[in-house]
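A quick write-up on the structure given underneath.
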Amino acid sequence: MQIISSLIKLLSNFLIGSVFILNNLHSQSSCTGNFLFRTQGKIDSFNLIYPGCTIIDGSLTILGSNLTNLDSLYRIKKVKGDLVINFTKNLKSIVGFSGVDSIMGRLFITQNDSLTSLNSFDKLRYSKSLEITNNQKLSLISGFDSLFNCENININGNGKLKEISGFQNL
């Protein structure tokens, strides 16, 4: 009986320790590696899998025809590589990146068929370069008011683009 009691206590301590270790691993502020999101489910589960992640220590690429929103990526503050949002068919806005303040690589927003406005980068202060191209329904670019350092900006091929505002700190 005492052996069973000792085994139960040992197993209990092991489980508690495992949960503590796993929790600490996922509560980190920096997530190492490159991230590729092709499905809405992967985007939606990001905060569950990486609950403390605010820094992507690599590149972040988003592409896929079934993506509808990026809301679950709201905790991300910094991307140390490139941030690429390409070839989405149903993505109408990029609200999930409203907290990003720096992109150490390049920001690419290209060929997003349903994107109508781009106004989610109010806090972005730095990006090595910015490319907003071939977004056929894009009519408004705003919200780059905090951007003060960007080596190259390329905005073209956005057939419905009517208004560009912001960028006054460059």
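The values are calculated or read from the model by the stated rules, or taken from the named source; none is laboratory data. Bear in mind the structure is a predicted one, so any value in this text is a computation, not a measurement. Every residue, glycine among them, receives a Cβ derived from its backbone with ideal geometry; neighbour counts consider all protein chains shown. Please note that ligands, DNA and RNA were not included when accessible areas were found on the heavy atoms of the full protein model with its side chains. Shrake-Rupley method; radii C 1.70, N 1.55, O 1.52, S 1.80 Å.
As a fraction of the 1.4 Å probe accessible area of the range 85-170, surface on carbon and sulfur atoms comes out at 44 percent.
With one equal scatterer per alpha carbon and no solvent term, the Debye-computed log10 I(q)/I(0) for the range 34-170 at 0.14 1/Å reads -0.56. Extension gain for D101-I164 works out to 20.7 nm (0.36 nm per residue, less the C-alpha to C-alpha distance). Normalised by the number of residues in the range 77-160, the average gap of Cα pairs under 8 Å and 6 or more apart makes the relative contact order 27 percent.
A simple count of charges around T88, restricted to other residues whose Cβ falls under 11 Å of its Cβ and scoring Lys, Arg +1 and Asp, Glu -1, yields +2.
Ordering 91-98, 37-44 by mean Cβ neighbour count within 10 Å, with the highest value first, yields 91-98, 37-44.
Among the GluC sites (Glu not before Pro) found in the range 80-170, those both in a DSSP coil and sparsely packed, with 14 or fewer other Cβ atoms within 10 Å of their Cβ, are E151.
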